[in-house]
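Engineer: One structure, as structure tokens, below. Some questions next.
The values are calculated or read from the model by the stated rules, or taken from the named source; none is laboratory data. Please read these numbers as outputs of a predicted model, since none were measured by experiment. Every residue, glycine as well, gets a Cβ built from its backbone with ideal geometry; the counts of neighbours run over all protein chains shown. Calculation scope for accessible area: heavy atoms of the full protein, side chains included, ligands and nucleic acids excluded. Shrake-Rupley method; radii C 1.70, N 1.55, O 1.52, S 1.80 Å.
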Amino acid sequence: GFLLPSIHSAPPFFTEQPNPSTQAHLTEQWIRLILTYARHKRLFVLRVEDAEVPGGDWDEILRNERINRRILPSYLSSLMADMVAKNLTVYEPPKQTRAVILYWRLPEEWADVLHSWATATGQLNTILTFYEISPS
Amino acid sequence: MHRGVGLAAFDRQVSQRFAELSSEVSKTQVDHLQSQLTQFQTALFHFATTHRDSIRSDPAFRHAFQKMCLSIGVDPLAGPRKGGWLAEMLGMGDWQYELGVQIVDVCVSTRERNGGVIEMGELVRMVSNLRGVKSGITEEDVIRSIKTLQPLGAGYEVLDVGGGKKMVRSVVKELDADQAVVLAEAQVEGGWIVEAILENRRGWTRDRARAALENMLLRDGLCWLDSQDERYGKVYWVPSAMRWDE
């Protein structure tokens with residue numbers, strides 16, 4: 001299972017802070033949490049909708065039932081904008097701001113992963129369909 | 001008139017002789033005292049160096065040694081060199097400095113979270129973690145070390161907020177009396193505080209409570225806001241009064 005950081009049990013963690021330096025600190029904590037969770041569960045997409053509607057892949061992070069808190073959609077939206085500004089995600093599809101693709105690995109790192117996989121399976125210089133690459 | 005003869009001369013001679021005698025007596029006493037002090041100093045230093053390792057590693061022994069020094073009027077922190085003669089004698093200089101650096105380290109790294117005020121227990125815990133399992137650092141060691149940090153001018157100070165709790169401030173801005181009260185009340189609840197508590201338990205007006213809390217939140221970054229509380233709506237959390245498990 002995923003080990004949640006202790007800050008996740010603090011009710012104020014789920015409120016956007018008015019003090020800018022406090023908010024900067026908490027934003028960092030949220031971003032780290034989101035990317036670590038994405039990596040752990042191999043999630044690539046984060047949507048504002050995930051904070052609006054329960055039952056999605058992100059509930060474990062965006063909500064804490066035990067303390068009856070959840071991150072509000074507006075806060076999640078700001079966090080996403082922050083991550084985009086830091087080049088940790090991109091809005092995908094472009095020209096909207098409700099969904100992002102998370103770079104918990106940078107594209108360059110993904111390129112490396114693909115290359116290593118291709119080499120290991122002796123398939124360099126062959127043509128593969130997208131379906132052959134993705135796990136079944 | 002002849003000088004130096006007769007009763008007047010006799011008086012003068014006597015007073016002169018007495019004066020000489022009294023200064024001789026004082027000199028003897030002073031010499032005696034001096035040699036006693038030197039003996040004592042040597043004995044104390046000898047004791048300190050003999051037990052240097054125990055003083056360094058055993059907090060209970062260190063505490064007893066401190067008490068002994070203070071009860072005989074010797075301040076181990078005094079002396080022209082930094083850290084006092086205790087540091088010089090025992091080579092504790094390094095040890096003191098290392099502890100000081102670690103304290104600063106913890107305070108600086110938690111400053112964004114708690115606005116520059118950290119609870120003593122948390123500070124001791126985090127410094128102990130930095131030092132490893134058998135560190136044996138006590139609150140007393142930390143308090144002593146903070147005293148030597150004062151010349152830094154960065155505002156390092158131990159504050160007593162009542163209820164047996166102490167906080168360490170590491171920013172220049174001083175806590176005003178109202179903030180100290182808010183911290184104390186937050187301690188009672190395990191970190192959270194609302195205007196109502198200050199009004200009911202301390203008899204504050206709503207305006208005073210609001211001003212204190214909002215200043216701590218917006219101006220000083222000493223607390224966090226929780227706007228999802230069902231009962232109160234707006235709750236303030238003081239990170240230095242919360243228990244952190246990292």
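Engineer: Rounded, prolate or oblate: pick one for region B:175-246, where a ≥ b ≥ c are the square roots of the eigenvalues of its C-alpha gyration tensor, a/c under 1.5 means rounded, and failing that, prolate if a/b is larger than b/c, else oblate.
Structural biologist: rounded
Engineer: For region A:88-105, take each phi angle, set θ = phi - 60°, evaluate the Karplus expression 6.51 cos²θ - 1.76 cosθ + 1.60, and give the result in whole Hz per residue in order, putting x for glycine and proline.
Structural biologist: 9, 8, 10, 5, 9, x, x, 6, 9, 10, 9, 9, 10, 9, 8, 8, 6, 10
Engineer: Could you state how much accessible area B:R202 has, in square angstrom rounded to the nearest 10, with a 1.4 Å probe and all protein chains kept in place?
Structural biologist: About 110 Å², rounded to the nearest 10.
Engineer: Would you mind getting me the FRET efficiency between B:E230 and B:S109? Use the beta-carbon distance for r and R0 = 41 Å, nearest 0.05.
Structural biologist: Efficiency, rounded to the nearest 0.05: 0.75.
Engineer: Tell me which residues come under 5 Å, amide H to amide H, from A:F44 once H is placed; ignore anything under 5 positions away on its chain.
Structural biologist: For A:F44, whose amide H was placed from the backbone, there are no distant partners under 5 Å.
Engineer: Here's something else I'd like to know. With every protein chain left in place, what is the accessible area of B:M126 in Å² (1.4 Å probe, nearest 10)?
Structural biologist: Roll a 1.4 Å probe over it and B:M126 shows about 40 Å².
Engineer: Right, something else. Shape of chain A from its Cα gyration tensor (a ≥ b ≥ c, root eigenvalues): rounded if a/c is under 1.5, otherwise prolate when a/b > b/c, or oblate?
Structural biologist: Note, shape of chain A comes out prolate.
Engineer: Positive end of the dipole of region B:105-246, charges at C-beta (+1 Lys, Arg; -1 Asp, Glu), about the Cα centre: which of B:I146, B:S227, B:G203 has its Cα farthest in that direction?
Structural biologist: My answer, from the dipole projection, is B:I146.
Engineer: Here's another thing I want to ask about it. Restricting to Cα pairs below 8 Å that are 6+ residues apart, what does the relative contact order work out to for region B:91-246? Please round to a whole percent.
Structural biologist: This gives 22 percent for region B:91-246.
Engineer: Please give, to one decimal in nm, the separation of the simple spin-label points placed at B:K165 and A:F2, each 7 Å out from Cα toward the Cβ.
Structural biologist: So the label points at B:K165 and A:F2 sit 3.2 nm apart.
Engineer: So what does B:T42 come to for accessible area, using a 1.4 Å probe and Å² rounded to 10?
Structural biologist: 90
Engineer: For A:E60, B:E24, give me the order by solvent-accessible area with a 1.4 Å probe, most accessible first, ignoring ligands, DNA and RNA.
Structural biologist: B:E24, A:E60
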